Amino acid sequence: MEIFDADERHIPAIQQIYAWHVLNGTGSFETVPPDAAEMGERMRKIQQAGLPWFIAVSEGDVRGFCYLAPYRPRHAYRHTLEDSIYIDPGFQKRGAGSRLLEHTIQWAEQKGYRQLIANVGDSENRGSIAVHQAAGFEMTGILRSVGFKQGRWLDTVFMQRSLGTGDTTPPVD
């Protein structure tokens, strides 16, 4: 498996993976899958902001994707990012999520970011929670019953990992 920067050629595969998660999973709180044009626009906005959108490729096929986004728009949050990871349902538990997250963490540390947040949809999303814990994330909070999808209330789990020197030194602006 290899990790690459995503580009427009990968949008159909990215959209297909994400659509499956929207329709069948609880990791995304969206209920209607965005079309390829919307997924392409989302990817362009992330990349135009200077942030990465990575794909995991195995045997020539996109098996998952991960991107980083600003945690919040206010200026004081500028050293903190939030990750999003989605894996092809037929390729889960094969290391794609771990590889993508590891690659993403390395990128963020090289760029000088200090904190990485995971906002895991659904406290029963054991796969995402486990991947993040294995990468050094700690659970920092749970918002109970903030979403309703697939006939049940869903929690949001916040996880956090320091990057580089974290909060032990002031950032260089």
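The values are calculated or read from the model by the stated rules, or taken from the named source; none is laboratory data. All of these numbers come straight from a predicted model, not from anything done at the bench. Please note: Cβ atoms are built from the backbone with ideal geometry, for glycine as well, and neighbour counts cover all protein chains shown.
Quick grid of which residues meet (1) crowded, with 19+ Cβ neighbours inside 10 Å; (2) modelled with pLDDT under 95; (3) under 20 Å from Asn119 (Cα atoms):
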{"position": "Asn24", "(1), (2), (3)": "no, no, yes"}
{"position": "Glu30", "(1), (2), (3)": "no, no, yes"}
{"position": "Glu38", "(1), (2), (3)": "no, no, no"}
{"position": "Gln48", "(1), (2), (3)": "no, no, no"}
{"position": "Leu51", "(1), (2), (3)": "no, no, yes"}
{"position": "Cys66", "(1), (2), (3)": "yes, no, yes"}
Filter the stretch 163-173 for residues that are surrounded by fewer than 16 Cβ atoms within 10 Å (Cβ to Cβ), touching a residue at least 40 places away in the same chain (Cβ under 8 Å) and not acidic (Asp, Glu) and give the result.
-> Thr165, Gly166, Pro171, Val172
Here is a list of conditions, (1) surrounded by fewer than 20 Cβ atoms within 10 Å (Cβ to Cβ); (2) farther than 21 Å from Thr165 by Cβ, and Val62 meets all of them except one; can you say which number that is?
-> (1)
What is the one condition in (1) without any contact (Cβ under 8 Å) to a residue 60 or more places away in the chain; (2) closer than 27 Å to Asp7 by Cβ; (3) part of a helix (DSSP H, G or I) that Leu68 does not satisfy?
-> (3)
Taking the stretch 132-151 as the search range and keeping residues that are out of contact with any Leu (no Cβ under 6 Å at 6 or more places or on another chain) and of a type in the set (A, V, I, L, M, F, W, C), which one is surrounded by the most Cβ atoms within 10 Å (Cβ to Cβ)?
-> Phe137
